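Here's the structure, in structure tokens; my notes come after.
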Amino acid sequence: MAEWIFFMHPPRDNFIATMTADEKSAFSAHRDWLARLDTAGVLLVAGPTLGTVNTGVGIFTADDEATARRIIADEPVTSGGFMRGDLRSIQLGYLNSRSESDPVA
């Protein structure tokens, strides 16, 4: 099993604050897509970067690049043309075991 990082590049600055109704609808479907990846046990982490440029980042597992590409093909925001997707392999050097209830140091 390998890890993959998926970047979702926004079409404009301050994308989160300026989303159109169609973009918001695509993100509703995107949340459902993430939930399916989580249920399948392949999603490790996902979320947007904050600030002016709201690049989305998701890290998930897949056996190979072909499988990873099949997974992202179902992502509604990039497949719908609202953002540009960029898939890359990633080698996780460390994945902590801190739970959500642990305090941040």
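Residues checked against (1) surrounded by 10 or more Cβ atoms within 10 Å (Cβ to Cβ); (2) in contact with a His (Cβ under 6 Å, 6 or more places away or on another chain):
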position	(1), (2)
39	no, no
46	yes, no
53	yes, no
77	yes, yes
80	yes, no
84	yes, yes
89	yes, no
So in the range 4-23, with the set limited to residues that are surrounded by fewer than 17 Cβ atoms within 10 Å (Cβ to Cβ) and charged (D, E, K, R), which one is nearest to residue 71 (Cα to Cα)? 22
Please find, among 60, 27, the residue that is of a type in the set (A, V, I, L, M, F, W, C), surrounded by 13 or more Cβ atoms within 10 Å (Cβ to Cβ), touching a residue at least 24 places away in the same chain (Cβ under 8 Å) and closer than 19 Å to residue 1 by Cβ. 60
With the checklist (1) in a helix (DSSP H, G or I); (2) more than 24 Å from residue 97 (Cα to Cα) in hand, flag the one item residue 37 doesn't pass. (2)
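Every number in this text was worked out from the coordinates using simple rules, so none of it is lab data. This one's a predicted model, so the numbers in the text were calculated from it and none came from an experiment. Every residue, glycine among them, receives a Cβ derived from its backbone with ideal geometry; neighbour counts consider all protein chains shown.
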